[in-house]
1. Would you mind computing, in nm to one decimal, how far apart the modelled labels at ARG154 and LYS199 are, each placed 7 Å from Cα along Cα→Cβ?
2. Which peptide among 41-52, 5-16 comes first, and what is the full order, when sorted by highest mean count of other Cβ atoms within 10 Å?
3. Return, ordered by residue number, the residues of the range 174-217 whose backbone nitrogen is under 14 Å from a label point located 7 Å along Cα→Cβ of ASP111.
4. Here is the link list: LYS9/LYS246; LYS68/LYS151; LYS35/LYS170; LYS25/LYS68; LYS25/LYS170. Which ones come out longer than 29 Å on Cα distance?
5. Find how much the distance from GLU22 to GLU252 grows on full extension, using 0.36 nm per residue of separation minus their present alpha carbon separation; answer in nm with one decimal.
6. Neighbouring Cβ atoms within 10 Å as the yardstick, rank THR163, THR56 fewest first.
7. Which parts of the range 114-135 would a label at ASP54 reach, counting a residue when its backbone N lies under 17 Å from a point 7 Å out along Cα-to-Cβ?
8. Amide H to amide H under 5 Å from TYR221: which residues, 5+ apart in sequence or cross-chain, H placed 1.01 Å off N in plane?
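No value in this document is a laboratory result; all are computed from the given coordinates. All values derive from a computational prediction rather than experimental measurement. Glycine also receives a Cβ, built like all others from the backbone with ideal geometry; neighbour counts cover every protein chain displayed.
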Amino acid sequence: MAVEAYESKNPDELGYVNWESEENKTWSTLVARQKELLPGRACDQFMEGLEYLDFTNEVPQLPELNKKLDACNGWGVEPVPAIIQPQEFFTLLANKRFPAATFIRRPEHMDYLQEPDIFHEIFGHTPLLTNKAYGDFMEEFGKIALKAQPKDRRKLFRLFWFTIEFGLTKTNEGLRAYGGGILSSPGETEYCLTEESTKEPFDVLNALRTPYRIDIMQPHYFVLEDFQDLFTILDQDVLGKLEEAKKLGDFEPRFPPKKKNVKNQETDGAMPC
Ligand SMILES: [Fe+2]
């Protein structure tokens, strides 16, 4: 049976989306579930941002959310269709606009959805958009990606994947997650800090050489020495490192090969974020 594709809902002229009561219920169920799991697993900066944004039982309306984000570091969330292409994605980031598709998963997909919905984007990412190091990283990453050759952008995107989506950081209390792909997923929030996955200190060149899959729990994570290091990662000659990574080639994947006709790898389609 064909699965009905997700489509973004159109905001009205003021930017408000008419969410159905079932959609708001999905949002509040997901938020409540994650809030139970996050203490002791999410980094303090994420928890502080979550408290500041103070999500309610309804899907946040972007004009209201954006007032709060703008007051921190000038960021805002931009409503987009379910799929956008890399050029648009990086241009938005370079302009401090974080793209979010305005649809939410259906109840049958509560635990897992491959496409990033508004729960993933808003709950997983906007708490840290209140943090300067995180916002600066996103903005600079967008600018660097726009300078890269389009054919190299997918490899470059690994830096985003292993930080903004699936990053871990050391803290005085132990390892904590800050990646939005982790913190919007109940399964991965619990799994990421266990010994089922391997970890290594974050390194630009190694991250650029590490393939990933978008449809499984990550077998391997990169760990920042300190969350504030996010601010300095992109001070390096990232495009030079990208050339070096291309010359050296990819590391062996730590995951099984993809099955035929299954859309699940980083080389597919639009940006998986
Ligand atoms: Fe994301």
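1. 3.0 nm
2. Final packing ranking: 41-52, 5-16.
3. Counting only backbone N, you get 185-191, 217.
4. LYS9/LYS246; LYS68/LYS151; LYS25/LYS170, as the Cα separations exceed 29 Å there.
5. Going from the current span to full extension adds 78.5 nm.
6. THR56, THR163
7. Counting only backbone N, you get 127, 130.
8. Excluding prolines and chain starts, which carry no amide H, the hits are THR198, LYS199, GLU200.
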